[in-house]
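First comes the structure, then the notes that go with it.
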Amino acid sequence: MALRRAGVEAIVYEKSPRMREVGAGMMLWPNATRVLREIGVLDNVLAHSGSSTQFLVRVSSGRVLMKIALGNFEVPAICVRRSDLLDSLLAALSPQQIQLGREFHHFEQTKNSVRVYFADGDMTEHDAAIGADGIRSRVRREMFGACDPIYRGYMVWRGMARYDGNAIGPGTNSETWGIGKRFGILDSGRGWFTWYATANAPAIHRDAAGGRKREIQRALAGWHDPIEELIEATDADAILKNGAYDNTPLRRWSSGRVTLLGDSAHPCTPNLGQGGGMALEDALVLANCLTHDASPEQALRRYESLRSSRTRHIQQRSLLMGHIGQWENRLIVRGRQVVTNLLPARLFEYNLRRVYSYQV
């Protein structure tokens, strides 16, 4: 969408046979909704989302350690179901711009083009290519060799549930800290809430005998309202489980007329809710560079230079927040509670503004 608005013809090659977004909800902070406004879909996304005006940090009893105001921005912070975001984006594109069932195999660069080869043996030729194929990117592997993701020591479960009780205030999202465990609640709009749970675990972690839902219920038994109610209201078959992975920042993302975008370039753990936001920022910066630079090679180098410091900061900060949130030494956890309770919320609000105030 950003490329089309910049006058650049673009085609998406997607390996799945149909467009279907799996997963629960995702946070889009003001830096992300600012991009959605720029490409003309924010109003449609807002119609299917829940707002966020403050964030609570709590302990398992429900006691609030810190209340963080998210600030007054010209665009809101929201949580939206991933499927609703995808539908809003697809509605603005023609079917011809997305080719399904096209699995990438490898590419070759010539002096003036990139030849993209697919698993079925087909080949297409373009002025430039963008690898936006996630944390285990095959495009990145083709460019720079193997670069396996790094497991950070904990699993993340995600789900969605309807809730009409009064334990969640309007515009209030939260994260509850336990001992090596956390639980987050995000208002996804229209009575739906996205939740996530984390627990320290080995990288190879099989589901418990009773299933994912039962395992989470046992792990979080006795935690404050409405945690147990949200888990109980969740379809057991729809609960997702993924390890927390990221990677060390790449020294470079681009090679000639090929570059990377989103998690393929700078994967981060989910602790700041910025994975989707970083990809949206990338897209708009890349489109602007391709509009103003003389050649694709120059545009991709400029895109990388404009984004590397920003994404490195998010990767490092998200990693740190995950480490702190997953502490399980009881004495250290107690110290974390005391320090968090004493620190002024305005200090956190000031630091968050550095993340949310970013404008392309």
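What to note about this one:
- Taking Lys and Arg as +1 and Asp and Glu as -1, the other residues whose beta-carbon sits under 12 Å from that of S295 total +1.
- Gyration tensor (alpha-carbon) shape descriptor, the stretch 88-127, a/c threshold 1.5: oblate
- Per-bin percent of Cα-Cα distances, the stretch 224-360 [10 Å]: 10, 29, 29, 20, 9, 2
- For the stretch 177-324, a simple Cβ point-charge model (Lys and Arg +1, Asp and Glu -1, everything else neutral) yields a dipole of about 580 debye relative to the Cα centre.
- Of the residues W29, A299, A69, the one whose Cα sits farthest towards the positive end of the charge dipole of the chain is A69 (charges of +1 on Lys and Arg Cβ, -1 on Asp and Glu Cβ, taken about the Cα centre).
- Under the Debye formula (equal points on every Cα, no solvent term), log10 I(q)/I(0) of the stretch 47-191 at q = 0.12, 0.15, 0.17, 0.18 Å⁻¹: -0.81, -0.99, -1.07, -1.12
- Gyration tensor (alpha-carbon) shape descriptor, the stretch 302-352, a/c threshold 1.5: oblate
- Positive-end ranking of V339, V41, T259 along the dipole of the chain, with charges on Cβ about the Cα centre, is headed by V339.
- Exposed loop sites here are trypsin sites (Lys or Arg not before Pro) assigned a DSSP state other than H, G, I, E or B and surrounded by at most 16 other beta carbons within 10 Å; excluding them, the longest clear run of the chain is 253-360.
- Dipole check for the stretch 26-77: with +1 at the C-beta of Lys and Arg, -1 at the C-beta of Asp and Glu, and the Cα centre as origin, the magnitude is about 340 Debye.
- For the stretch 49-108, dividing the convex hull volume of the Cα atoms by the residue count gives 233 Å³ per residue.
- At q = 0.17, 0.20, 0.23, 0.26 Å⁻¹, base-10 log of I(q)/I(0) for the stretch 118-205 (Debye sum, equal scatterers on each alpha carbon): -0.87, -0.98, -1.13, -1.28
- Exposed-site-free run, longest, the chain (rule: GluC sites (Glu not before Pro); DSSP loop; at most 11 other C-beta within 10 Å): 75-360
- Degrees, to the nearest 10: 345-356 long Cα axis against longest axis of the chain: 20
- Prolate/oblate/rounded label for the stretch 230-284 (Cα gyration tensor, a/c 1.5): prolate
- The shape of the stretch 244-320 can be summarised by an equivalent ellipsoid whose semi-axes, obtained from the alpha carbon gyration tensor, come to 23, 12, 9 Å from longest to shortest.
- Relative to the Cα centre, the charge distribution of the stretch 47-105, modelled as +1 at Lys and Arg Cβ and -1 at Asp and Glu Cβ, gives a dipole magnitude of about 380 debye.
- Candidate aspartates and glutamates for bridging to K67, where Cα separation is under 20 Å - those fewer than 8 sequence places away on the same chain excluded: E175, D187, D225, E349
- Volume per residue that the Cα convex hull of the chain spans, once the total is divided by residue count, Å³: 142
Every number in this text was worked out from the coordinates using simple rules, so none of it is lab data. Since the model is a prediction, treat every value here as computed from it, not as a measurement. Reconstructed Cβ throughout: ideal geometry from the backbone, glycine too, with neighbour counts over all protein chains shown.
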